[in-house]
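Just so it is clear, none of the values below were taken in a lab; they were calculated from the coordinates. Small disclaimer: the values here were computed from a predicted structure and weren't measured.
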Amino acid sequence: MTISTIHRINPITETTQTIKPPITGIGKKIIITRFIMAKTMMEATRLVPCSVVILSVGTKDKRDAMTATAMFVSEKPPLLTVSVAKHILSHDLIDRTGEFVLNVASFDQVKLAAQLGATHGAKVDKFKKFKLKSLKGQHIQSPMIADAFAHLECRVITSMPAATYTVFLAEVVGHHVNRALKPVVWFDNQYYSLKSL
């Protein structure tokens, strides 16, 4: 069987992207197999439903926001983990401040979450670009983002490298919730709203 293209759905633009596998003259079958195996293993990470959070972090002169997912670690003390790519501005700001806010995305913020997940660059002020309304936190300097289901103000306890990411373990030092809104989850490359059973 010959594989010439692979199709992938872009959740932001809702378009199909055609990917050409990296085929060379030697060992075509091995290279195609490795490409498919890597793609299959990457898809495995999408089989775990996960939270959708907009991580916000800032200093007096610089701020950033990015889409991420957070994982519960402990209730007492309240600990969460989040992974952040090492090459992005949010990572640098977390290293500098030792803090961040996890804004749990509401149903109305799905488009924003997709846009933030696709926008990178230290020169882009995402707060201006996407007209984000920031709120002042009570316990940390980093800004909160309005209209989120919840805001979790976090202080970093420790971190560890993982591939091209850093996993930050953080303690929640303050939180605010708007139960009139509904959070969303990410599963199998799509957003879903939550409904109680």
Quiz item: To the nearest µm²/s, what D does Stokes-Einstein give for the stretch 69-197 at 4 °C and 1.567 mPa s, using the Kirkwood radius over alpha carbon pairs as Rh?
Solution: 83 µm²/s
Quiz item: Listed here are the pairs LYS62/LYS131; LYS126/LYS182; LYS62/LYS123; which of them are more than 22 Å apart at the Cα?
Solution: LYS126/LYS182
